[in-house]
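A short write-up of the structure that comes next.
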Amino acid sequence: MHTVTITFPDGTKKEFPEGSTPLDVAKSVSEGLARNALAAIVDGKPVDIDRKLMRDATVRILTARDPEGLEVLRHSCAHLLAQAVKRLYPGALQAIGPVIEHGFMFDFGDLDIGEDALPAIEDEMRKIAKERYPTARHDYASAADAKADFPGNPYKLELIEEHAAQGLARYGQGEYFDLCRGPHVPHTGFLEAFKLTKVTKAYWRGDARNTQLTRIYGLCFAKKAELEEYLQLLEQAQLRDHRRLGRELGLLMFHEYSPGAPFFLPKGAIVYNELLRFLREEYARRGYTEVITPLLYDKALWETSGHWEHYRENMFLTSVEGREFSLKPMNCPSHCLVYANEGHSYRDLPLRIADFAPLHRNELSGTLSGLTRVRKFSTDDGHIFCAPEQLQDELRAVLEFVDYVYSDVFRMEYRVELSTRPEKYLGEIALWDRAEAALADVLKDLAIEYKVNPGDGAFYGPKIDIHLKDALGRSFQCATVQVDFQLPLRFGLTYEGADGGKHAPVMIHRAIFGSVERFFGVLIEHLAGRFPLWLSPEQARILPIADRHNGYAQIVLGKLRAAGIRATLDDRKLTTNKKVREGELDKVNYLLVIGDREVESRTVNVRTRDNAVLGEKDADAFAQELAEEIAQKR
């Protein structure tokens, strides 16, 4: 009898009969592992748990506790959804059903349903799960054989043509089958903790020129308790939704006449401008100079930068007097023009340029989402032109800037990813290698843990992406730091070195908040609309109890405003309790009640939006106390 040698994750080895499966390997460890086994990693590749092992291999068994195992579970749930849809709507055409964060989605053609259809689909999914259909893989001998299984389905036929060279397979369960590379769970009984969440429209392959499909989203977890916990988290997220809070607190609005472009109302404009003021103060300390640049450019600029070739589909194009123009989607090419406007010596470097110019990106309407995905926005953009020998120090300074803003000022956790050269890129690989090494070296030097995100760099350079973690544990990509050798070369940028020769500078692209709009939205949800005093649009509200107290209330209002406090006066003929309750709902930091006692003693009776009563305070002293709290950004 022939045997194969299986190497376990801990390095131990064991002999098995040739043709054994990963499930047999799992059984040799424990019945518990075999009972929970979903799939396996064999020599680094995911395979079904019943795949025959015909040669020596390294095997790792996957359960729902492994990220790869959870992905298998979620992709199998996408097939479960498609099977249920096909039972209820036989004319629906399967398109694709990938795994997404926390679950799955599936796109269908010839399916016109709304969210009212989800309960019936979900019920059918549960029936199929209880039927415990085994999943079976079938490898096609040819593309023609595969096409025969999907007559009249243009989406599958297109995928078959595209992937025929890599080999084609289908997975079946009961009466249902679909084109898929797998792996899948052993049977549908493993699928028990799922819930469908919403129905949207999406274009085939994300291209607005293609057919519009119906997309169904769902959640999937290893256990029902985990699903319930996440659903509770979603309830909290709905309460914190920045679109709802933004409307209720008078911060922002949207209008169909300008989709993807937020309106910042007076209170929202205060917060927005305070964020910019904070950055401008930091820029002054860190040696940045601010510029204001145009929004509309001839396509020649974008051809030089490479955006016309690599990014044009995301740009808003227009024609002016027979010339093609575009609204700028980013600032970097215009900053190259600023640098090239005058000559530079090595003594001038590093040159740090900041810009808050509005940007426009042609996002698909189906992807727009409040402040977190927009068409018009501003970044706290900065570009640093430096000599190669200054690169590490500048990168270190930028990352320390990021940490100061996120950790010290906003007290938010974050994680770091290093995104490397994409499939389509500018320039020579040697320069890319240098850029990637520079970013990796500074992360190691600062002892910052990071994960590599292969192939997700910008087309002109690798980048460090900073993902913020909010109060609900959700992750949002905000700050970015990119090293770019390409644009200085394409724009012919130089500086005179100490040797008298001409040299190309290195360009660092960096944003601390990233999109100011996105950061604003994340901040609203993280804080549930309860801004710290320095950011709050209304820092104090004065509440006179009766008309006879209004005169002194006006005096207190003047004192607060003279101290730089954003204060208002509520002299409406309402009960004090009602005024206090409204102030709490409006998330005003401090509510100052004034009655006979306060008028006589020239004090204010202070309470917070949390309904904590701080008692009487001297009006002048309290104004100074608030000014100090604002200055310290506590």
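Which shape class applies to the range 540-632: rounded if a/c is under 1.5, otherwise prolate when a/b exceeds b/c and oblate if not, where a ≥ b ≥ c are the square roots of the Cα gyration tensor eigenvalues? Oblate, because a/c is 1.5 or more while a/b does not exceed b/c. For a distance above 42 Å, tell me the whole-number percent of Cα pairs in the chain that qualify. Looking at the chain, the distances longer than 42 Å represent 41 percent of pairs.
A straight chain from Arg347 to Thr5 at 0.36 nm per residue would run longer than the Cα-Cα distance by 116.7 nm.
Ordering Ile630, Ile429 by the number of other Cβ atoms within 10 Å of each residue's own Cβ, fewest first, gives Ile429, Ile630.
Among beta bridges from DSSP that stay inside the range 1-126, the antiparallel ones total about 90%. Think of the range 165-214 as having a plus end and a minus end, set by charges on the Cβ of Lys, Arg, Asp and Glu; of Ala169, Leu191, Gln212, Gln212 sits farthest toward the positive end of this dipole.
Greater than 22 Å separation of Cα atoms is the criterion. Which listed pairs, Lys147/Lys198; Lys267/Lys579; Lys86/Lys130; Lys130/Lys195, meet it? Long pairs (Cα-Cα over 22 Å): Lys147/Lys198.
Find out how many positive minus negative residues lie around Leu359, taking Lys and Arg as positive, Asp and Glu as negative, among other residues whose Cβ is under 13 Å from that of Leu359. For residues surrounding Leu359, the net value is 0. Among residues other than Leu23 with Cβ under 12 Å from its Cβ, the summed charge is 0 (Lys and Arg +1, Asp and Glu -1). The angle between the Cα long axis of helix 67-88 and the main principal axis of the chain comes to about 80°, on a 0 to 90 degree scale. Rounded to 0.05, the FRET efficiency of the Leu88 and Ala621 pair, given R0 = 41 Å and the Cβ-Cβ distance, is 0.05. Residue ranges 548-555, 148-155, 76-83 sort as 76-83, 548-555, 148-155 when ordered by packing (mean number of other C-beta atoms within 10 Å per residue, highest first).
Each residue of the range 316-321 is assigned a 3J(HN,Hα), and the resulting list reads 8, 9, 8, 10, 10, 6 Hz, derived from the Karplus form 6.51 cos²θ - 1.76 cosθ + 1.60 (θ = phi - 60°), x at Gly and Pro. Between the helical axis of 391-403 and the longest alpha-carbon principal axis of the chain there is an angle of about 70 degrees. Relative to the current alpha-carbon distance between Glu600 and Lys198, full extension at 0.36 nm per residue lengthens the span by 138.8 nm.
Ranked by the mean number of other Cβ atoms within 10 Å of their residues, highest first, the peptides 89-99, 276-286, 529-539 fall in the order 529-539, 89-99, 276-286. Between the amide H of Tyr140 and those of Leu168, Ala169, Arg170, distances stay under 5 Å, these residues lying 5 or more places away or on another chain, with hydrogens modeled in the peptide plane.
Most simply put, the chain has about 85% antiparallel DSSP beta bridges, counting only bridges with both residues inside it. Overall, the chain carries a charge dipole of about 1240 debye about its Cα centre when +1 sits on the Cβ of Lys and Arg and -1 on the Cβ of Asp and Glu, all other atoms neutral.
Cα centroids of the range 543-578 and the range 173-201: how far apart, whole angstrom? Comparing the Cα centres of the range 543-578 and the range 173-201, I get a distance of 61 Å. By the Cβ distance rule (another cysteine Cβ under 4.7 Å), the unpaired cysteines of the chain are Cys180, Cys332, Cys336, Cys386, Cys478. Taking the range 593-607 and a reference point 7 angstrom along Cα→Cβ of Lys578, the backbone N atoms nearer than 18 Å belong to 593-594.
If you plug the beta carbon distance of Asn273 and Asp547 into 1/(1 + (r/R0)^6) with R0 = 51 Å, you get a FRET efficiency near 0.90.
For Lys424 and Asp298, the FRET efficiency from 1/(1 + (r/R0)^6), where r spans their Cβ atoms and R0 equals 30 Å, is about 0.80. Fully extending the segment from Gln232 to Gln166, taken as 0.36 nm per residue of separation minus the present Cα-Cα distance, adds 19.5 nm.
For Arg51, the shell of other residues with beta-carbons less than 14 Å away shows a net charge of 0, using +1 for Lys and Arg and -1 for Asp and Glu. Per-residue ellipticity at 222 nm computed for the chain from its helices equals -10500 deg cm²/dmol, with DSSP H segments shorter than 4 residues left out and the rest contributing -39,500 (n - 2.57).
Only the coordinates and a few stated rules stand behind these numbers; no lab work does. Computed from a prediction, not measured in an experiment: that's the story for all the values here. FYI the Cβ positions are ideal-geometry reconstructions off the backbone, even for glycines, and counts take in every protein chain you see.
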